[in-house]
Amino acid sequence: MPAAWCRTATGTLPPVTVRRVIHGVGTTLVALGILVLLFVAYELWGTGIITANHQRALRQQFEHELQAAQVAPTTTAPTVAGTPGSTLPSNRGLVPSNPSATDGQPIAILQIPAIGVDFVVVQGTGVADLQKGPGHYANTSFPGNPGNAAIAGHRTTYLHPFYNLNAVVVGDPIYVTTAQGTFRYNVTQTLVVKPTNVSVLDYTTTPTLTLTTCNPRYSAATRMVVQATLVSPVAPAPTDRPEPAAAAPSTLNPSGSDWAAALGWGLICLVVGLGIWWLHRAYRRWWIYAAGVPVGLVLLFYFFGALGPLLPAGY
């Protein structure tokens with residue numbers, strides 16, 4: 001009987017079985033490595049596609065709302081670097097509006113000429129909100145109004161609106177356009193604080209704009225904070241003050257639907273991947289992989305999107 005078919009007295013596996021085990025483990029590790037690299041690529045670049053699509057739709061919606069608020073089309077601020085044709089409406093001809101808004105809806109346009117930022121700001125700082133663009137902390141003042149208006153933004157993912165926030169210096173102007181007008185803030189200080197330090201969001205007697213993001217890049221170890229003081233006239237008081245909104249739900253506690261979505265897309269990717277592998281092994285045709293890989297990448301894109309909310313919070 002061939003030695004490869006037998007076990008030795010010590011119970012050692014036959015050489016053929018050992019080779020198969022090593023090959024299986026090696027193939028699995030390589031596949032996992034590729035999957036991790038694809039997920040990193042998705043986080044750094046793929047998420048930008050999602051945010052860019054959101055921003056286009058949000059800008060159209062917000063511009064329509066500005067027209068409804070009778071905002072004059074004249075300009076009072078310079079065009080933002082890197083955004084040809086981008087202008088800011090003046091404060092003339094405005095209708096005071098209630099700054100209450102639904103989470104995820106556009107409330108303002110944030111422009112920082114020094115670093116080429118020109119983004120639509122949405123209400124809320126939950127995971128889904130910040131995937132659309134910078135988010136306004138619901139329990140802080142509305143931009144252009146008395147108090148402290150705070151906005152959070154991603155640093156390295158989802159189009160990384162605050163990637164170069166560290167390059168902002170004291171005196172740089174920041175423009176925020178809302179349905180109440182265009183307001184200019186001048187940067188007064190830059191801070192780095194612990195993630196647990198939320199005092200930077202406290203109410204201020206001087207009208208203030210606070211921008212927060214993770215620091216350093218590719219890490220959530222600390223928070224970078226840029227604060228600016230309003231130099232334009234304060235917005236006219238809205239006719240109805242909204243009740244203070246509750247803080248956004250913790251992103252460290254995903255809902256059951258988040259887990260179900262990630263599990264569902266993961267199973268679909270696994271089934272399709274195994275199907276492509278089986279077809280190639282059965283028919284040995286190169287075009288099976290050529291046709292299957294693009295399909296697999298599209299499915300992985302949706303799987304990674306569902307997996308994102310399950311990861312620890314970060315900007």
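Read-outs: derived from the displayed coordinates by stated rules, not from any lab. Note that this is a predicted model, so its numbers are computed, not measured. Every residue, glycine among them, receives a Cβ derived from its backbone with ideal geometry; neighbour counts consider all protein chains shown.
Taking the fewest neighbouring Cβ atoms within 10 Å as the starting point, the ordered list for Arg155, Arg56 is Arg56, Arg155. Binning the C-alpha pair distances of the stretch 255-315 at 5 Å intervals from 0 yields a P(r) profile of 4, 18, 23, 18, 14, 10, 7, 5, 2, 0 %, listed from the shortest bin outward. Just to verify a number: FRET efficiency for Tyr203 and Arg56, C-beta to C-beta distance, R0 = 41 Å, to 0.05? Plugging the Cβ-Cβ distance into 1/(1 + (r/R0)^6) gives 0.75. At an R0 of 30 angstrom, the distance between the Cβ atoms of Val25 and Ser219 translates into a FRET efficiency of 0.40. With both labels modelled 7 Å from their Cα along Cα-to-Cβ, the Thr102 to Leu274 distance reads 4.1 nm.
Note on the stretch 119-188: percent of Cα-Cα distances in each 5 Å bin, starting at 0 and stopping at the bin with the largest distance, equals 4, 16, 23, 27, 21, 9, 1.
Remark: the Leu35-Tyr289 segment gains 89.8 nm on full extension, using 0.36 nm per residue and subtracting the alpha carbon distance.
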